[in-house]
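The values are calculated or read from the model by the stated rules, or taken from the named source; none is laboratory data. Note that the structure is predicted; figures quoted are calculated from it, not measured. So basically every Cβ, Gly included, is an ideal-geometry build from the backbone, and we count neighbours across all protein chains shown. The accessibility values were calculated without ligands, DNA or RNA, using every heavy atom of the protein model including side chains. Shrake-Rupley method; radii C 1.70, N 1.55, O 1.52, S 1.80 Å.
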Amino acid sequence: MSESSRSANQQNGVRGRGGDSEEEDDEEEMLLGGPSATQEDDDEDPAQRRQIRHQYRELINCVQQNREDMLNPSNNKLTEVLVEANKLFANVRQAREAALDAQFLVLATDLGKEKANQLHADGSAFDPSAFAEHLLSFMGLNRLEEDDGMEDAAGGGYLPEDAWLRLAHRAGSCFRKAPTFHFMLGSFLAEPPPPRQRVERQRKAPSKEVKRIMPTQLKKMEESQQEATEKEVERILGFLQSYHNENPELPISYYEFVIDPQSFSRTVENIFHISFLIRDGLAKIYLDQNKLPCIAPVPREEAEATSSSSRQQCVISINQSSWREIIEAFDITAAMISSSAPTESASSQ
Amino acid sequence: MSQRRVSHSQSRPSASRQVIEDDEEDLSFTLPSSSQVQRGMDRLTSAEVDRKVAEVVQFILIKDQKKVPIKRADIIKNVIKENRNIYPEIMKKVNMTFEKVFGLKLVEIDVKNHAFILVNNLEQVTDRLASMNPAHPKTGLLFVILSVIFMKGGAVKEAVVWNTLKKLRVDPGERHEEFGDVKKLLTDEFVRQKYLEYARIPHTDPPEHEFRWGLRAESEVSKTRLLEFVAQLHEKEPQNWPKQYKEATTSDARSSQAS
């Protein structure tokens, strides 16, 4: 409690006694029927509220009595009473007390304004806006072009490009700034550029490059790759048709057909290529009596007749261990689709 | 993939250990006694000591490029290393080198946290042609802010600073051509460099902040010169602001005594 409010309490002994009841938090009866008392804030002690109101009134009274003292620029009384009010406000829970706080604030603001005005009269006051105007003149503000610069939110005139540098040159004499050390020719920076920036640059640069090369180079690659796939698909279809023609009645086991017991990767390639045949309707997969998948070629006329929408899709998976299991289960010794590598190398030579 | 994960998890504990070491470095460092220093000096040749001194000087010069105060812990950890037993002797020679060779002065601005800055020890020239320092626009900005703070008695609400800057066509909400993100420049860069202090005003809700002079500004900026320039802008004499004039003369007398 500040001195001012303590002395105020002594002046008014009757109300001052209210301070003793501060600890009586258990008193829960609502003695006062003010509008705010009907609110459901049950934990609020009416005595304490009375106490707070009393202290506010004392504070306001004290400020009004000592108005001249408050305005004296040589002391900090106004700040002190504001701090005091702040302390009081910590315990304010309801509107009635808050209204008193607001009343006090209005008073304090008024005093503050008056105090500020008084400072002005001294001639030693410092006005940042006036300072800014002087700075603008120093920085070479061109006020003649006010008409053109209307869109400038900050007001008329425009600043020359070197405005801040001009100010910096003059202001530099106020700073005892040590010149910074620079590398000759700026060959390298003292530390690596911030990592975030570097990541951005790395990401941007290659993507640009790729975009530039893509049209010429990638087209070619796509073509050749597509050609190779097409050739291989055709080749496998040839195998399938020849096996089928050998004995049209004998179903061809899908697994026996695709598995290459010597190479897992060839097996995967075969499955991949056959998927094209299935997609185009040139081959079909069905389950035999033992629920094992079988494959058979479809005549071209028939394949073209069936619409693609009537076809179904499924996904199969194979890994090294299942590949070995199948080899064992079907007792596969040789690939039904012979590797294309020798023929390819033969044709290229 | 799994390998990378392993190495990553291995690197993490060591990084955190590094951080702990950094903290401990300064806490554990106590100035060696004069007899310890004497013994340490006896063990080294003067060429070895000079070499260390040169290394510290170079380290500080390069660190100073960013104008962020240099910590004693960093000097010890990165340069002095095992010669920490003769730290006082090295720093004495470093100070001398800065003063006699470079015309600079190494100032410990934060005695508690042991942070150093370099200030120019030579008489500053006002003539822009004779000035050796290439000026940077940021100096101008800093001058404006420091002036407002000084003229307003040492602390100003940030709103005052922003309003003043707005009048000078620098809007904290917009990107400035020369200063970039002005709000960040003031509240982050200038604060890290210790030109400014930016702190919440107690008992304010919603929080309000105020600017004050930072420790670097206190030792780098001449209040007399600053007031002279402010007065010149107003076409008045520095004595027009008696309170500021008094503070400027006493503070500059104090710093010239110290140097």
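Within the range B:55-87, which residues are modelled with pLDDT under 90 and open to solvent by 40 Å² or more (accessible area, probe 1.4 Å)? If the condition is that a residue be modelled with pLDDT under 90 and open to solvent by 40 Å² or more (accessible area, probe 1.4 Å), then B:Ile62, B:Lys63, B:Gln65, B:Lys66, B:Lys81, B:Glu82, B:Arg84, B:Asn85 are the ones that fit. The set of residues in the range A:245-267 being closer than 16 Å to A:Ala335 by Cα and not in a loop (DSSP other than H, G, I, E, B) consists of A:Ile252, A:Ser253, A:Tyr254, A:Tyr255, A:Glu256, A:Phe257, A:Val258, A:Phe264, A:Ser265, A:Arg266, A:Thr267.
The set of residues in the range B:147-161 that are in contact with a Leu (Cβ under 9 Å, 6 or more places away or on another chain) and either open to solvent by 30 Å² or more (accessible area, probe 1.4 Å) or more than 8 Å from every other protein chain (Cβ to nearest Cβ) (or both) comprises B:Ile149, B:Phe150, B:Glu158, B:Val161.
Of all residues in the range A:265-322, those being open to solvent by 70 Å² or more (accessible area, probe 1.4 Å) and touching a strand residue (DSSP E or B) at 6+ places or on another chain (Cβ under 8 Å) number 4.
The residue that is modelled with the lowest pLDDT, counting only those in the range B:142-158 that are in a helix (DSSP H, G or I) and in contact with a strand residue (DSSP E or B) (Cβ under 9 Å, 6 or more places away or on another chain), is B:Glu158.
The test for being over 26 Å from B:Leu61 (Cβ atoms), within 13 Å of another protein chain (Cβ to nearest Cβ) and at pLDDT 85 or above holds for A:Gly140. Among the residues of the range A:52-71, those that are open to solvent by less than 60 Å² (accessible area, probe 1.4 Å) and either closer than 14 Å to A:Glu114 by Cβ or within 50 Å of the chain's Cα centre (by Cα) (or both) comprise A:Ile52, A:Arg53, A:Gln55, A:Tyr56, A:Leu59, A:Ile60, A:Val63, A:Met70, A:Leu71.
Residue check: A:Phe104 meets all listed conditions (1) away from chain B (no Cβ under 14 Å); (2) surrounded by 13 or more Cβ atoms within 10 Å (Cβ to Cβ); (3) modelled with pLDDT under 85 but one, namely (3).
Residues in the range B:218-255 that are surrounded by fewer than 14 Cβ atoms within 10 Å (Cβ to Cβ) and either in contact with a Cys (Cβ under 9 Å, 6 or more places away or on another chain) or hydroxyl-bearing (Ser, Thr, Tyr) (or both): B:Thr250 alone. Considering only residues in the range A:146-168 that are modelled with pLDDT of 85 or more and facing another protein chain (nearest Cβ under 7 Å), the one that is farthest from B:Glu123 (Cα to Cα) turns out to be A:Trp164. Do the conditions hold for B:Ala199, that is, is it part of a helix (DSSP H, G or I) and open to solvent by less than 80 Å² (accessible area, probe 1.4 Å)? No; evaluated as a whole, the condition is false for this residue.
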